[in-house]
1. Go through (1) surrounded by 12 or more Cβ atoms within 10 Å (Cβ to Cβ); (2) at negative phi for S116 and report which single condition fails.
2. Can you tell me how many residues within segment 54-90 are more than 12 Å from R34 (Cβ to Cβ), part of a loop (DSSP other than H, G, I, E, B) and under 17 Å from the mean Cα position of the chain (by Cα)?
3. Could you check segment 1-50 for helices (runs of 4 or more DSSP H) lying wholly inside it with 3 or more residues that are small (G, A, S) and free of Cβ contacts under 8 Å to residues at least 12 places away in the same chain?
4. Considering only residues of segment 51-64 that are over 17 Å from M130 (Cα atoms) and either touching a residue at least 12 places away in the same chain (Cβ under 8 Å) or touching a Phe, Trp or Tyr at 6+ places or on another chain (Cβ under 6 Å) (or both), which is surrounded by the most Cβ atoms within 10 Å (Cβ to Cβ)?
5. Tally the residues that are assigned to a helix (DSSP H, G or I), under 15 Å from K76 (Cβ atoms) and polar (S, T, N, Q), restricting the search to segment 97-136.
6. So if I check each of I138, I88, I124, I98, which one is surrounded by fewer than 20 Cβ atoms within 10 Å (Cβ to Cβ), closer than 16 Å to S29 by Cα and among the hydrophobic types (A, V, I, L, M, F, W, C)?
7. Just to be sure before I move on: is I7 in contact with a helix residue (DSSP H, G or I) (Cβ under 7 Å, 6 or more places away or on another chain), more than 13 Å from V128 (Cα to Cα) and modelled with pLDDT under 95 in the structure I sent?
8. Using the structure shown, decide if V25 is of a type outside the set (D, E, K, R) and within 14 Å of the chain's Cα centre (by Cα).
Amino acid sequence: MEQRVNIEKTQSEAWKAVYALSIAVGKSSLSPIRKHLIMIRASQINSCAFCINMHTKEALKLGETQQRIFLLSAWKETDLFTDEEKAILALTEEVTLISQNGVSDKTYKEAEKFFSAQTIGEIIMSVVVMNTWNRIAISTNMPLGK
């Protein structure tokens, strides 16, 4: 695929703002592995090869297992993820697919069993930021990193 417009160059102020938002969200209390589960799962749903490639490599470096990454798209059918991680993944999916049914009360109440309002906000913002990067990477045909 041929790379399209370079948003970082043509929209530098907006790019810097999204990057700054990413830095702010990155300071959340979520563990690095949980952050990467959000990033990978949202990127899988959005079919963003650039982001899937980048975040799976980073997750592996942090100690995530290949098996859990391989089975992330089928997290509901495995016991490899904790109940807390499943709550995060459910929220990730519903926020990413917000136009379908919104975020259900069931999913939100499940998240409340494990997380404070502060942490739920961090999860939601992590998903929002990842979806932003997915949309930039997909619409511009960002080249797959090595």
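1. (1)
2. Within segment 54-90, residues that are more than 12 Å from R34 (Cβ to Cβ), part of a loop (DSSP other than H, G, I, E, B) and under 17 Å from the mean Cα position of the chain (by Cα) number 1.
3. The helices (runs of 4 or more DSSP H) meeting that bar are 12-26.
4. Residue satisfying both the conditions and the ranking: E64.
5. Within segment 97-136, residues that are assigned to a helix (DSSP H, G or I), under 15 Å from K76 (Cβ atoms) and polar (S, T, N, Q) number 1.
6. I124
7. Judged against the criteria, I7 is a match.
8. yes
The values are calculated or read from the model by the stated rules, or taken from the named source; none is laboratory data. Computed from a predicted structure; not experimentally measured. When we count neighbours, we look across all protein chains shown, and the Cβ atoms used for this are built from the backbone with ideal geometry, even at glycine.
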